[in-house]
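A.B. asks: Below are the structure tokens for one structure; questions will follow.
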Amino acid sequence: MCRNIKTLFNFAPPVTNDEIREAALQFVRKVSGFHKPSKANEGVFVTAVEEITAASRKLLDSLETSAPPKDRAEEAARARARAAKKFSR
């Protein structure tokens, strides 16, 4: 699936609406195969992004966990370290 879509649940600070929308946009791009849709498909493309954004927000707001939130900066540093190790071979 789409490797650019990151986990959005249980982070400090919490996920923003813009981050949820960006993940929805990446998903619709992957599923449709369009980076930017034609004029004929633009309406359904935008509608799909909006609907997936709303469903994702509803999901994230409904999830529960007893685990402490993960620190965004710490997780980003770990991801950079993994990428550096992977691509330095």
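A.B. asks: Do you know which residues across segment 79-89 are part of a helix (DSSP H, G or I) and either small (Gly, Ala, Ser) or more than 24 Å from PHE27 (Cβ to Cβ) (or both)? First the steps, then the outcome.
C.D. replies: Looking only at segment 79-89, we keep the residues that are part of a helix (DSSP H, G or I), and these are 79-87.
ALA79, ALA81, ALA83, ALA84, LYS85, PHE87 - these are the residues of segment 79-89 that are part of a helix (DSSP H, G or I) and either small (Gly, Ala, Ser) or more than 24 Å from PHE27 (Cβ to Cβ) (or both).
A.B. asks: Still on this structure: Does at least one position in segment 15-24 carry a residue that is touching a strand residue (DSSP E or B) at 6+ places or on another chain (Cβ under 7 Å), of a type in the set (A, V, I, L, M), touching a residue at least 40 places away in the same chain (Cβ under 8 Å) and under 18 Å from ALA79 (Cβ atoms)?
C.D. replies: no
A.B. asks: Which ones in segment 32-79 are of a type in the set (S, T, N, Q) and within 20 Å of ASP18 (Cα to Cα)?
C.D. replies: Within segment 32-79, THR47, THR53, SER56, SER62 meet the criteria.
A.B. asks: In segment 33-89, how many are among the small types (Gly, Ala, Ser), surrounded by 13 or more Cβ atoms within 10 Å (Cβ to Cβ) and in contact (Cβ under 8 Å) with a residue 40 or more places away in the chain?
C.D. replies: 1
A.B. asks: Across segment 50-89, what is the number of residues that are hydrophobic (A, V, I, L, M, F, W, C) and under 17 Å from the mean Cα position of the chain (by Cα)?
C.D. replies: Adding up the residues that qualify gives 9.
A.B. asks: I would also like to ask the following. Within segment 23-78, can you find the residues that are outside any helix (DSSP H, G or I) and under 17 Å from ILE5 (Cβ atoms)?
C.D. replies: Residues satisfying the conditions are GLY33, PHE34, HIS35, LEU63, LYS70.
A.B. asks: Residue check: is LYS6 surrounded by fewer than 15 Cβ atoms within 10 Å (Cβ to Cβ), free of Cβ contacts under 8 Å to residues at least 40 places away in the same chain, out of contact with any Ser or Thr (no Cβ under 7 Å at 6 or more places or on another chain) and not in a helix (DSSP H, G or I)? Steps first, please.
C.D. replies: Numbers: surrounded by fewer than 15 Cβ atoms within 10 Å (Cβ to Cβ): no; free of Cβ contacts under 8 Å to residues at least 40 places away in the same chain: yes; out of contact with any Ser or Thr (no Cβ under 7 Å at 6 or more places or on another chain): yes; not in a helix (DSSP H, G or I): yes.
The answer is no for LYS6.
Read the figures in this text as sums done on the coordinates, not as results from a lab. Note that this is a predicted model, so its numbers are computed, not measured. Backbone-built Cβ (ideal geometry, glycine too); neighbour counts: all protein chains shown.
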